[in-house]
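Colleague: So that we are looking at the same thing, I have put the structure below in structure tokens.
The values are calculated or read from the model by the stated rules, or taken from the named source; none is laboratory data. Nothing here was measured: the structure is a model prediction, and the numbers come from that model. Every residue, glycine among them, receives a Cβ derived from its backbone with ideal geometry; neighbour counts consider all protein chains shown.
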Amino acid sequence: MRFPSRPTALRRLAAAAGLGSGLLCLGGWPSRLLAQDTTRSAAQIANPRAPRSTEDLVRDARVFADRGDTVAALELLERATAQSPRDTEALYWRGLLLMQKATLNFGDAPERFIAARLLNRAADIDGSNPRYQLALGRLLLRSPLQRVQAERLFRRALGVAAAAGDTAAVVEANRELGEVKRRRYLTGRDRRMYTGPNIFDPLQALQLPHYTREFLEQLSIPVQDAGNTDRYEAEEYFRQGLRFDGDDLRSLTALLDLLYDQKRYDEMLALVRSTLQQHPRGAVASSYRPFMAAGLAAFRLNRMAEADSAFTQAIARMLPADRAEFLDLGRILRKGDSVRVAGLPPDERARTDSAYWEAADPLLATPENEARLEFLSRMAYADLHYTDEDTRQAGWRTDRALILARYGEPPVIATFSPQVNIDARDALGRVMTVWYYPRAELDFVFTGPPAFNYAYFAGNYREHAQAQREVNPFALENLAVATRTDSIPVQVARFAGSRADSMEVVIAGDVPIGRLYAEAPVDVGMLSLQLRSGPPGMLRMTDESTARVEVPATAPLRRLWTQQLPTQDTRLRLEAVDTDLDLAGARAQADLPALRTDSAMLDRALVSSDLLLARRVANPASAASRTARWNAMGVQPLGALSIAPRDTFSLYWELYGLMPNAQQRLRYEIEVQVTVLSVDRGRDPMARFFGGVADLVGFSAVGEDKLALRFTREAPATPDNRRRLPELLTLGLGTSPSGRYRLTVNVTDQVSGRSTSSQREFSIARP
């Protein structure tokens with residue numbers, strides 16, 4: 001294909017586009033002569049009639065372009081090409097700058113056409129300069145109809161560069177040919193064929209349950225070995241370029257992406273390591289991207305410490321603005337949480353990030369935070385796989401990167417060729433790529449070429465992604481340590497501490513040792529129990545012990561901890577791990593608001609502790625005296641908040657700040673409510689309506705889903721009782737069905753009129 005060669009053709013095109021005699025308004029870029037420009041350049045630009053050589057005009061234009069002043073650079077280059085129409089350097093630099101500008105504006109047609117004409121003319125005049133053919137090839141590559149011609153130009157440039165011994169051009173030509181093949185491979189890699197007349201419809205995928213799974217399983221088949229030849233050739237081109245210049249960053253990162261795609265993680269690490277050794281101060285060493293790729297490879301090899309180190313080095317090399325965006329938690333938080341985090345000052349934002357990753361860490365007992373490393377690996381993959389250097393858009397800014405960050409790499413990817421007989425909005429006539437997560441039966445559809453950063457959400461899938469974000473903003477199902485980490489049923493209750501500025505926290509846990517040691521090849525295990533506490537993001541070890549476990553075990557390991565903690569918002573983390581076995585552990589975590597019982601608080605409010613559910617009371621006499629606390633009463637707190645049908649249970653709590661009447665008595669009303677949250681009628685089909693048992697257990701029915709018990713109590717107004725008054729009830733729910741319940745205790749001080757309330761959820765379940 002040849003472009004118009006007559007000057008009048010170019011002028012007509014410019015006039016049709018409203019350009020007049022220049023190109024300055026094409027991109028809408030503001031003209032800005034920089035203050036640091038030389039006086040000569042500024043004066044001569046201001047005076048177009050000042051005599052200048054073409055060489056000077058090109059040189060000064062390059063200075064302006066390097067400084068970011070595209071408008072000034074183009075003005076000089078237009079003068080240069082008008083002054084010397086056959087000066088290939090003027091033609092080349094003007095065409096190159098227009099091409100780059102059009103790319104940044106995602107392909108302004110007049111600019112692209114003019115750039116192609118200029119570069120084509122330069123290549124025709126001087127066919128021995130490979131730079132002209134390479135630039136023209138890169139421009140034609142942006143058009144699907146001209147990619148074959150672009151590849152021919154790259155091959156021609158490679159031959160010319162090799163014959164001339166132009167090493168830089170040889171490297172560039174190999175890289176461009178590699179990118180052509182890489183693009184083809186990525187386009188065909190996940191290709192699927194329809195097995196019948198039905199074609200994938202994104203609208204039905206959004207509306208019909210199981211549509212995507214059934215379609216992928218029954219109505220399409222993968223194309224075997226799609227793109228493998230292109231992948232092999234791309235790899236060879238990149239390696240050939242690196243033989244001439246081992247510090248070529250673009251060739252290196254493209255090759256690393258291909259290696260990752262083939263799960264050749266050891267080769268990735270070896271390649272980065274050898275490149276850094278050979279070029280310790282080169283482009284590779286100063287860029288974050290090879291370190292990011294190394295961190296990704298190390299993480300996939302389960303070398304957590306190595307991955308952590310590589311990611312740390314990568315992040316340190318990023319520009320501050322890019323670093324902040326790359327690490328932004330907003331993409332993996334629910335929308336409301338994301339908005340709140342975005343508005344925080346930097347210091348508070350850092351504390352919030354630290355608290356988030358602390359909570360997300362599957363096990364603090366391991367040296368690294370696997371959840372954070374998984375997030376960084378997802379972002380690193382997006383950067384490596386979707387970045388397009390031509391558009392200068394980082395891969396982690398794309399639509400697919402949003403889904404990657406939240407759910408990881410999809411287990412199933414299906415790419416379908418464009419179809420014209422489907423009413424699918426954005427998918428009409430375009431390539432469709434389906435991401436499917438079988439475990440969650442979650443899917444997302446993208447349209448556009450699957451290579452690099454060109455694909456975007458199809459139809460209503462952006463809204464679908466937002467809806468799924470509210471349900472599950474950050475999933476770790478692909479992280480082995482997360483899926484192997486069990487949960488520890490715990491009950492946590494706050495009471496007034498021994499000092500006014502402290503609170504007592506009771507933690508009861510039932511460690512599921514039967515599940516933890518189910519696959520352990522031992523008869524005896526040594527289980528480490530670790531309790532950490534502190535402000536969110538600043539946990540420290542507060543208790544550590546070891547339990548000898550007989551294997552196999554049928555009953556949970558029951559433990560009780562009591563901690564005196566400062567009166568502040570507190571996070572608790574309980575973990576159980578056997579470090580001698582290659583097994584995950586179990587964990588429980590709770591975020592507790594501060595319980596204030598200081599005099600300033602009690603002067604204006606009645607305060608209740610948390611409710612503590614217990615199996616039984618070992619010392620009923622002490623309980624009846626109402627002077628002893630839970631531990632002296634022999635209260636045995638439940639870890640797993642579950643009771644068997646017909647079982648009775650004890651309920652303990654404390655009141656702080658009751659006011660005495662004239663007779664120095666404390667008088668207050670207690671209301672106990674039990675509310676049905678859900679009923680398992682499948683497991684207990686003979687269960688009676690909840691209200692039917694009310695009279696049998698001393699409650700009154702409040703509708704069909706709530707029971708209430710109300711009574712009044714008195715106690716002498718001693719200093720101890722006013723500061724802390726223990727309460728204990730023993731309750732039974734008769735034949736109430738299996739299910740989830742909420743227990744609420746409301747207390748009203750009949751002297752001051754103040755009230756307080758506490759809640760606890762529990763379940764009734766068959767053993």
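Colleague: Hey, can you tell me all the residues within segment 732-748 that are in a strand (DSSP E or B) and either among the β-branched types (Val, Ile, Thr) or buried (at least 19 other Cβ atoms within 10 Å of the Cβ) (or both)?
Modeller: Within segment 732-748, the subset in a strand (DSSP E or B) is 732, 739-748.
Of everything in segment 732-748, those that are in a strand (DSSP E or B) and either among the β-branched types (Val, Ile, Thr) or buried (at least 19 other Cβ atoms within 10 Å of the Cβ) (or both) turn out to be TYR741, LEU743, THR744, VAL745, VAL747, THR748.
Colleague: Check segment 341-357 and report whether any residue there is closer than 20 Å to VAL471 by Cα, charged (D, E, K, R) and not assigned by TED's automatic domain parsing to the domain that holds THR542.
Modeller: Scanning segment 341-357, I find no residue that is closer than 20 Å to VAL471 by Cα, charged (D, E, K, R) and not assigned by TED's automatic domain parsing to the domain that holds THR542, so the answer is no.
Colleague: Here's something else I'd like to know. Would you please list the contacts, defined by Cβ atoms under 8 Å and residues six or more apart or on different chains, that run from a residue in segment 72-84 that is among the acidic types (Asp, Glu) to a residue that is at pLDDT 90 or above?
Modeller: GLU78/ARG94
Colleague: In addition: Within segment 694-709, how many residues are surrounded by 13 or more Cβ atoms within 10 Å (Cβ to Cβ) and modelled with pLDDT of 75 or more?
Modeller: Adding up the residues that qualify gives 8.
Colleague: Only one of GLY246, GLY282, GLY241 is touching a Ser or Thr at 6+ places or on another chain (Cβ under 7 Å), surrounded by fewer than 19 Cβ atoms within 10 Å (Cβ to Cβ) and at negative phi. Can you tell me which?
Modeller: Numbers: GLY282 fails: touching a Ser or Thr at 6+ places or on another chain (Cβ under 7 Å); GLY241 fails: surrounded by fewer than 19 Cβ atoms within 10 Å (Cβ to Cβ).
On inspection, the qualifying residue turns out to be GLY246.
Colleague: Search segment 390-422 for residues being among the charged types (D, E, K, R) and farther than 18 Å from ARG323 by Cα, and hand back the single one that is surrounded by the most Cβ atoms within 10 Å (Cβ to Cβ).
Modeller: Looking only at segment 390-422, we keep the residues that are among the charged types (D, E, K, R), and these are 390, 392, 397, 399-400, 406, 409.
From the residues that got through so far, the ones that are farther than 18 Å from ARG323 by Cα too are 390, 399-400, 406, 409.
Numbers: ASP390: 16, ASP399: 20, ARG400: 22, ARG406: 20, GLU409: 15.
Ranking the qualifying residues of segment 390-422, first place goes to ARG400.
Colleague: Sticking with this structure for a sec: Looking at (1) closer than 30 Å to VAL412 by Cβ; (2) in a helix (DSSP H, G or I), can you tell me which one ARG175 breaks?
Modeller: (1)
Colleague: Let me ask something else. Go through the residues of segment 136-146 one by one and say whether even a single one is in a helix (DSSP H, G or I), within 26 Å of VAL223 (Cβ to Cβ), of a type in the set (A, V, I, L, M) and modelled with pLDDT under 90. Don't jump to the end; show me each part of the working.
Modeller: Just the residues of segment 136-146 that are in a helix (DSSP H, G or I), to begin with: 136-140, 144-146.
Keeping just the survivors that are within 26 Å of VAL223 (Cβ to Cβ) gives 144-146.
Subsequent filtering for residues that are of a type in the set (A, V, I, L, M) retains 145.
With the extra rule that they be modelled with pLDDT under 90, the set shrinks to 145.
Yes: segment 136-146 contains one or more residues that are in a helix (DSSP H, G or I), within 26 Å of VAL223 (Cβ to Cβ), of a type in the set (A, V, I, L, M) and modelled with pLDDT under 90.
Colleague: In addition: I want to confirm something. Restricting to segment 652-671 and keeping residues that are surrounded by 20 or more Cβ atoms within 10 Å (Cβ to Cβ) and part of a strand (DSSP E or B), which single residue is farthest from the chain's Cα centre (by Cα)?
Modeller: Looking only at segment 652-671, we keep the residues that are surrounded by 20 or more Cβ atoms within 10 Å (Cβ to Cβ), and these are 652-658, 666, 668.
If we keep only those that are part of a strand (DSSP E or B) too, we end up with 652-656, 666, 668.
On the way: TYR652: 42, TRP653: 41, GLU654: 42, LEU655: 43, TYR656: 43, LEU666: 54, TYR668: 50 Å.
Residue satisfying both the conditions and the ranking: LEU666.
Colleague: Pairs under 7 Å by beta carbon, first residue part of a loop (DSSP other than H, G, I, E, B) in segment 93-117, partner modelled with pLDDT under 80, six or more apart or different chains?
Modeller: These pairs meet every condition: ASN105/GLY27; GLY107/ARG142; ASP108/LEU26; ASP108/GLY27; ASP108/ALA102.
Colleague: Still on this structure, please answer the following. So which of LEU531, LEU516 is in contact with a strand residue (DSSP E or B) (Cβ under 7 Å, 6 or more places away or on another chain), modelled with pLDDT under 95 and crowded, with 19+ Cβ neighbours inside 10 Å?
Modeller: Working: LEU531 fails: modelled with pLDDT under 95.
None of the other options fit; the residue is LEU516.
Colleague: Taking ALA305, is it among the small types (Gly, Ala, Ser), surrounded by fewer than 15 Cβ atoms within 10 Å (Cβ to Cβ) and assigned to a helix (DSSP H, G or I)?
Modeller: On the way: among the small types (Gly, Ala, Ser): yes; surrounded by fewer than 15 Cβ atoms within 10 Å (Cβ to Cβ): yes; assigned to a helix (DSSP H, G or I): yes.
Criteria met by ALA305.
Colleague: From the set of residues in segment 316-336 that are touching a Pro at 6+ places or on another chain (Cβ under 9 Å) and outside any helix (DSSP H, G or I), which is farthest from ARG406 (Cα to Cα)?
Modeller: Ranking the qualifying residues of segment 316-336, first place goes to ARG334.
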